[in-house]
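A.B. asks: Next up is a structure, given as structure tokens.
The values are calculated or read from the model by the stated rules, or taken from the named source; none is laboratory data. Because the structure is predicted, anything quoted here is derived from the model rather than measured. As a convention, Cβ positions derive from the backbone with ideal geometry for all residues, glycine included, and neighbour counts pool all protein chains shown.
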There are 2 protein chains.
Amino acid sequence: MPDASIASPAARVEQVLSALRKTLPQQVSTVTSVREEHSHGEAMDAAQLPEAVVFAQSTDDVSRVLSLCHVHHVPVVAFGAGTSVEGHVTPPEHAISLDLSRMTDIVQFNPEDLDCRVQAGLTRQELNSRIRDSGLFFPVDPGGEATLGGMCATRASGTAAVKYGTMKENVLGLTVVLASGEIIRTGGRVRKSSTGYDLTSLFIGSEGTLGVITEAQLRLYGLPEAVAAAVCQFETVDEAVRTAVEVIQYGIPVARVELADEVQMAACIAYSHLDELRPLPTLFFEFTGGPAAVREQVEATESLARENGGLGFDWADTPEERTRLWKARHNAYWAARAIEPTALVISTDCIVPISRLAELIDGVRHDIRESGLRAAMVGHVGDGNFHTLILTENTSEGRKRLLDLDRKIVARALALDGSCSGEHGVGLGKLEFLETEHGAGALNVMRTIKKAMDPLNILNPGKLIPQEKGTCP
Amino acid sequence: MPDASIASPAARVEQVLSALRKTLPQQVSTVTSVREEHSHGEAMDAAQLPEAVVFAQSTDDVSRVLSLCHVHHVPVVAFGAGTSVEGHVTPPEHAISLDLSRMTDIVQFNPEDLDCRVQAGLTRQELNSRIRDSGLFFPVDPGGEATLGGMCATRASGTAAVKYGTMKENVLGLTVVLASGEIIRTGGRVRKSSTGYDLTSLFIGSEGTLGVITEAQLRLYGLPEAVAAAVCQFETVDEAVRTAVEVIQYGIPVARVELADEVQMAACIAYSHLDELRPLPTLFFEFTGGPAAVREQVEATESLARENGGLGFDWADTPEERTRLWKARHNAYWAARAIEPTALVISTDCIVPISRLAELIDGVRHDIRESGLRAAMVGHVGDGNFHTLILTENTSEGRKRLLDLDRKIVARALALDGSCSGEHGVGLGKLEFLETEHGAGALNVMRTIKKAMDPLNILNPGKLIPQEKGTCP
């Protein structure tokens with residue numbers, strides 16, 4: 001075995017690649033365009049080329065790659081669809097990008113138990129399209145066309161979390177390849193178990209720093225018998241937020257409840273030609289269940305909305321009309337981008353306890369005004385999570401103003417018992433907030449676990465856990 | 001600092017106690033009756049006296065005790081209500097039992113956010129009684145009068161898990177004292193977050209082996225607007241199980257669905273004088289929600305029950321009538337004990353994917369017949385979890401027959417993708433099954449984490465993780 005500590009980083013990578021070219025000859029690429037594709041996600045962070053991209057086709061392939069990287073001390077970053085917005089998939093120096101997007105099988109489908117097992121590279125959309133005829137679906141919906149492995153690794157959620165929960169609540173078990181190349185399985189198929197440490201939850205959200213997830217056992221749900229959508233506009237954000245808060249507090253089992261502010265709505269109206277809407281704070285609802293239950297939810301929600309100053313309450317239960325009502329929300333991201341097509345855009349991702357949301361949004365609107373930047377707000381208001389889409393000119397001064405505003409927003413959320421990221425993850429983008437959010441003690445436990453499970457620090461090094469002060473990179 | 005590796009175990013305990021008698025003089029007890037109370041839970045395992053019992057009144061007290069135990073290498077086992085049925089609270093040799101039952105404060109109550117923060121020694125019943133006027137409640141219901149800290153430590157659940165989930169889904173954050181005495185906080189108050197390793201889930205179910213939980217932030221729910229209960233009897237267990245499975249598969253959001261077999265029902269009828277019921281397999285349902293939604297659930301369930309051979313379908317929505325319908329289920333444990341009042345009783349706790357439940361129960365009934373023992377079955381059939389209450393004479397031969405039967409039942413469940421414990425935990429009682437259930441790889445990751453977080457092995461040593469083969473205790 002070569003002495004990995006002496007050889008140069010480039011030489012160590014070359015040793016890994018020369019071994020892989022023998023065992024996986026069709027799956028190793030050093031073509032520049034392929035490396036470029038794998039040099040970044042969708043964050044504005046600087047890109048970094050990996051030395052090579054390896055396309056895994058099986059858990060065994062992943063194991064082979066990690067074994068070699070372990071022996072030769074070469075960093076590895078897993079890559080799915082590249083939709084991360086926090087720099088998770090940006091490689092460190094002299095690293096290999098391990099692409100799992102060819103692993104798209106449904107390994108098991110157990111409709112009678114409402115579960116399935118998928119390979120990590122399958123996307124949520126593709127899974128739902130393949131199982132549609134069974135009347136079942138996987139509900140976690142982060143918006144983008146992400147892989148299910150990536151969604152596990154970042155503890156993704158989205159608009160449906162208020163009813164169905166996040167990846168944390170919807171993954172029953174995993175296959176994971178550890179830093180050494182060893183393959184383990186966590187959890188299983190049962191709905192609950194009280195035996196042993198919850199390793200599944202430990203890997204969910206670990207951003208590729210403790211192991212590479214290659215398969216996931218997922219909970220499925222029956223497509224609801226009835227679905228209704230509703231839209232309600234308000235004179236003020238406060239009224240809209242209060243309505244959403246009361247819907248949750250009254251225990252109405254709403255499937256989605258989304259908020260868009262007046263800046264976002266003006267953009268949506270212009271982008272999607274929605275003349276029936278006004279540029280006012282707007283709530284979008286979805287209700288699911290039996291027909292009588294859905295009707296009951298709509299009525300209860302309408303009554304709360306009216307009590308809080310709602311200007312009308314438009315609802316529908318046919319697919320076409322539901323799509324019409326939600327069109328503004330569906331196109332919100334693209335509408336916001338269209339405000340200034342050449343602008344740089346980032347999305348904040350704070351979350352607070354729902355009673356603090358109105359206070360937070362007030363503060364954020366103040367910060368936006370002070371910054372002089374344009375920003376639209378859209379939120380998964382049912383769980384206290386919202387995104388500010390901030391637009392700025394693509395210059396270093398523009399980036400600086402944008403990051404300053406982002407920091408102010410995060411500081412406000414943390415001061416209100418919140419988290420800096422409800423669903424996007426830490427990656428590189430949120431590292432600086434981890435100690436304030438979790439405290440030094442919890443962060444040190446995370447470091448202890450990382451060191452114990454990846455002592456050579458080859459698994460996506462530099463992500464999720466900020467360096468200890470006074471240590472070298 | 002004394003050299004802990006040289007002094008005898010008894011001397012080391014004495015050093016801890018003499019320091020504690022100065023700082024916590026009213027809180028240390030070596031009285032035999034107190035030590036006896038803390039020598040076991042409700043399992044049939046042999047008891048072991050702790051050297052002393054320390055009654056913590058605060059997180060700082062727990063920290064003081066652990067710091068001292070860490071310095072002097074003295075094992076500590078946390079004790080709440082002593083309701084564990086798997087030996088979790090039985091002390092190892094020369095250990096201190098750390099009693100948290102005096103820590104019963106509600107530290108925070110945030111009705112507008114549907115959460116609260118409690119000290120670990122508060123029981124679920126007491127919490128619900130103190131917050132009743134708010135219209136909120138904590139739904140996880142393991143049956144016994146357990147403390148919320150103990151419920152966290154064993155990942156408890158119970159009859160309401162099919163709707164509300166287990167402790168895993170209902171704890172937002174924790175205060176934990178680590179082996180060194182350091183106090184950390186995990187998670188927080190937000191409904192979801194994707195920042196950092198999920199330490200909360202790591203401590204939930206860790207049975208006091210990674211830290212001592214002193215506070216928990218809990219999700220609360222609104223008391224439902226309408227509640228209905230229903231009972232339906234069947235000629236065969238298969239028909240009853242098929243009905244329960246279809247209720248879940250059709251997505252009826254049932255709040256509870258419990259099964260009792262004919263042995264259990266005969267016992268219940270005798271114990272509670274229920275002449276309107278017959279000794280037949282029986283399903284007990286609870287439905288909650290808006291009045292129209294509840295009616296819709298009752299109707300849909302009744303129709304499924306009738307299609308599967310249900311013999312009538314008795315339902316009610318007033319509190320008195322609901323209590324009458326569920327009386328058999330509520331008294332099931334005591335009814336089963338009354339079959340043979342002097343017998344030794346244990347409860348198995350297997351869980352399988354719901355489609356395997358009928359096959360498992362068939363096999364278990366075969367094993368029971370072969371064993372010649374008497375056993376009643378009652379199950380949280382909505383999530384595939386069921387308990388066999390096995391009765392035997394209290395002799396070493398009786399214990400042996402009972403454990404043999406338990407092993408056969410667990411082996412059947414594991415062969416059907418199940419788990420040896422849905423909600424009771426591992427403790428000492430289920431140690432032997434862990435490797436078969438999780439595999440050597442996952443078990444070694446658990447050992448790695450344990451060693452990293454408790455290198456001196458002072459936290460509830462010997463529980464949850466079986467020893468590696470070939471190592472000494």
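A.B. asks: Going through segment B:94-108 one residue at a time, which ones are surrounded by fewer than 17 Cβ atoms within 10 Å (Cβ to Cβ), more than 23 Å from the chain's Cα centre (by Cα) and more than 12 Å from every other protein chain (Cβ to nearest Cβ)? Steps first, answer last, please.
C.D. replies: From segment B:94-108, those surrounded by fewer than 17 Cβ atoms within 10 Å (Cβ to Cβ) are B:102, B:105-108; that's our starting set.
Still in the running and more than 23 Å from the chain's Cα centre (by Cα): B:107-108.
Hit for segment B:94-108 is B:VAL107, nothing else.
A.B. asks: Across segment A:239-264, which residue is surrounded by the most Cβ atoms within 10 Å (Cβ to Cβ) among those that are among the aliphatic types (A, V, I, L, M) and part of a strand (DSSP E or B)?
C.D. replies: Filtering segment A:239-264 down to residues among the aliphatic types (A, V, I, L, M) leaves A:240-241, A:244-245, A:247-248, A:252, A:254-255, A:257, A:259-260, A:263.
Pick out the ones that are also part of a strand (DSSP E or B) and you get A:257, A:259-260.
Working: A:VAL257: 27, A:LEU259: 25, A:ALA260: 32.
Checking each candidate, the answer is A:ALA260.
A.B. asks: Under 22 Å from B:GLY41 (Cα atoms), at pLDDT 95 or above, in contact with a Lys or Arg (Cβ under 7 Å, 6 or more places away or on another chain) and more than 14 Å from every other protein chain (Cβ to nearest Cβ): is that true of B:LEU148 in this structure?
C.D. replies: Yes; evaluated as a whole, the condition is true for this residue.
A.B. asks: Limited to segment A:265-295, what total is found for residues that are within 14 Å of another protein chain (Cβ to nearest Cβ) and assigned to a helix (DSSP H, G or I)?
C.D. replies: 5
A.B. asks: For segment A:433-473, how many residues meet the condition of being in contact with a Cys (Cβ under 8 Å, 6 or more places away or on another chain) and not in a helix (DSSP H, G or I)?
C.D. replies: Qualifying residue count for the region: 1.
A.B. asks: Quick one: A:LEU100 ticks every box in (1) touching a helix residue (DSSP H, G or I) at 6+ places or on another chain (Cβ under 6 Å); (2) without any contact (Cβ under 8 Å) to a residue 60 or more places away in the chain; (3) aliphatic (A, V, I, L, M) bar one, so which box is it?
C.D. replies: Only one criterion is unmet by A:LEU100, namely (2).
A.B. asks: Suppose the filter is within 27 Å of A:ILE409 (Cα to Cα) and buried (at least 17 other Cβ atoms within 10 Å of the Cβ); does A:ILE465 pass it?
C.D. replies: yes
A.B. asks: Listed residues B:VAL85, B:VAL53, B:VAL89; which is modelled with pLDDT under 95, under 26 Å from the mean Cα position of the chain (by Cα), aliphatic (A, V, I, L, M) and surrounded by 19 or more Cβ atoms within 10 Å (Cβ to Cβ)?
C.D. replies: On inspection, the qualifying residue turns out to be B:VAL85.
A.B. asks: Within segment B:63-76, how many residues turn out to be under 23 Å from the mean Cα position of the chain (by Cα) and part of a helix (DSSP H, G or I)?
C.D. replies: Matching residues across segment B:63-76 total 0.
A.B. asks: Test A:GLU262 against the stated conditions and say whether it is touching a Pro at 6+ places or on another chain (Cβ under 9 Å), away from chain B (no Cβ under 12 Å) and over 24 Å from B:GLU207 (Cβ atoms).
C.D. replies: Criteria met by A:GLU262.
A.B. asks: Okay, next question. Given the structure, is B:VAL65 more than 13 Å from B:GLY208 (Cα to Cα), modelled with pLDDT under 95, out of contact with any Pro (no Cβ under 6 Å at 6 or more places or on another chain) and not charged (D, E, K, R)?
C.D. replies: Criteria not met by B:VAL65.
A.B. asks: Another question about this same structure. Inspect all residues belonging to segment B:185-203 and state whether any of them is under 24 Å from B:ARG102 (Cα atoms) and out of contact with any His (no Cβ under 9 Å at 6 or more places or on another chain).
C.D. replies: Yes; the residues of segment B:185-203 include at least one that is under 24 Å from B:ARG102 (Cα atoms) and out of contact with any His (no Cβ under 9 Å at 6 or more places or on another chain).
A.B. asks: Scan segment A:433-448 and give yes if some residue there is touching an Asp or Glu at 6+ places or on another chain (Cβ under 8 Å) and either among the hydrophobic types (A, V, I, L, M, F, W, C) or at pLDDT below 95 (or both), otherwise no.
C.D. replies: Yes, that holds for at least one residue.
A.B. asks: Follow-up question, since we're still on this one. Given the conditions (1) in contact with a strand residue (DSSP E or B) (Cβ under 7 Å, 6 or more places away or on another chain); (2) within 21 Å of B:ILE361 (Cβ to Cβ), which single one is not true for B:ILE248?
C.D. replies: (1)
A.B. asks: Here's another thing I want to ask about it. So A:CYS116 passes all but one of these: (1) assigned to a strand (DSSP E or B); (2) more than 23 Å from the chain's Cα centre (by Cα); (3) buried (at least 21 other Cβ atoms within 10 Å of the Cβ). Which condition number does it fail?
C.D. replies: (2)
A.B. asks: Which of the residues spanning segment A:385-409 are part of a strand (DSSP E or B), of a type outside the set (A, V, I, L, M, F, W, C) and touching a Leu at 6+ places or on another chain (Cβ under 6 Å)?
C.D. replies: A:THR392
A.B. asks: Follow-up. Of all residues in segment A:410-432, which are surrounded by 22 or more Cβ atoms within 10 Å (Cβ to Cβ) and in a helix (DSSP H, G or I)?
C.D. replies: A:VAL410, A:ALA413
A.B. asks: Answer yes or no: is there a residue in segment A:129-138 that is touching a strand residue (DSSP E or B) at 6+ places or on another chain (Cβ under 7 Å), more than 24 Å from B:SER193 (Cα to Cα), of a type outside the set (Val, Ile, Thr) and without any contact (Cβ under 8 Å) to a residue 60 or more places away in the chain.
C.D. replies: Looking through segment A:129-138, at least one residue is touching a strand residue (DSSP E or B) at 6+ places or on another chain (Cβ under 7 Å), more than 24 Å from B:SER193 (Cα to Cα), of a type outside the set (Val, Ile, Thr) and without any contact (Cβ under 8 Å) to a residue 60 or more places away in the chain.
A.B. asks: Which residue pairs have Cβ atoms closer than 9 Å, lie 6 or more positions apart in sequence or on different chains, and pair a first residue in segment A:196-209 that is more than 7 Å from every other protein chain (Cβ to nearest Cβ) with a second residue that is assigned to a loop (DSSP other than H, G, I, E, B) and hydrophobic (A, V, I, L, M, F, W, C)?
C.D. replies: Note: pairs meeting the criteria are A:PHE203/A:LEU210; A:GLU207/A:VAL426; A:GLU207/A:LEU464; A:GLY208/A:VAL89; A:GLY208/A:LEU464; A:THR209/A:LEU464; A:THR209/A:ILE465.
A.B. asks: Further, regarding this structure: Taking A:THR209 and the conditions (1) in contact with a Cys (Cβ under 6 Å, 6 or more places away or on another chain); (2) within 30 Å of A:LYS463 (Cβ to Cβ), which numbered condition does it fall short on, given that it satisfies the others?
C.D. replies: (1)
A.B. asks: Something else now. Give the residue, chosen from A:ARG337, A:ARG356, A:ARG322, that is away from every other protein chain (no Cβ under 14 Å), surrounded by 15 or more Cβ atoms within 10 Å (Cβ to Cβ) and touching a residue at least 60 places away in the same chain (Cβ under 8 Å).
C.D. replies: Just a single option satisfies the conditions, and that option is A:ARG322.
A.B. asks: Then there's this: List the helices (runs of 4 or more DSSP H) that sit entirely inside segment A:124-191 and contain at least 3 residues that are surrounded by fewer than 21 Cβ atoms within 10 Å (Cβ to Cβ).
C.D. replies: A:124-131
A.B. asks: Okay, next question. Among the listed residues B:THR214, B:THR236, which satisfies the condition of being farther than 21 Å from B:LEU431 by Cβ, among the hydroxyl-bearing types (Ser, Thr, Tyr), more than 9 Å from every other protein chain (Cβ to nearest Cβ) and surrounded by fewer than 24 Cβ atoms within 10 Å (Cβ to Cβ)?
C.D. replies: Selected residue: B:THR236, the only one of B:THR214, B:THR236 that is farther than 21 Å from B:LEU431 by Cβ, among the hydroxyl-bearing types (Ser, Thr, Tyr), more than 9 Å from every other protein chain (Cβ to nearest Cβ) and surrounded by fewer than 24 Cβ atoms within 10 Å (Cβ to Cβ).
A.B. asks: Would you point out the residue of segment B:378-409, among those that are among the acidic types (Asp, Glu) and surrounded by fewer than 24 Cβ atoms within 10 Å (Cβ to Cβ), that is farthest from the chain's Cα centre (by Cα)?
C.D. replies: B:GLU397
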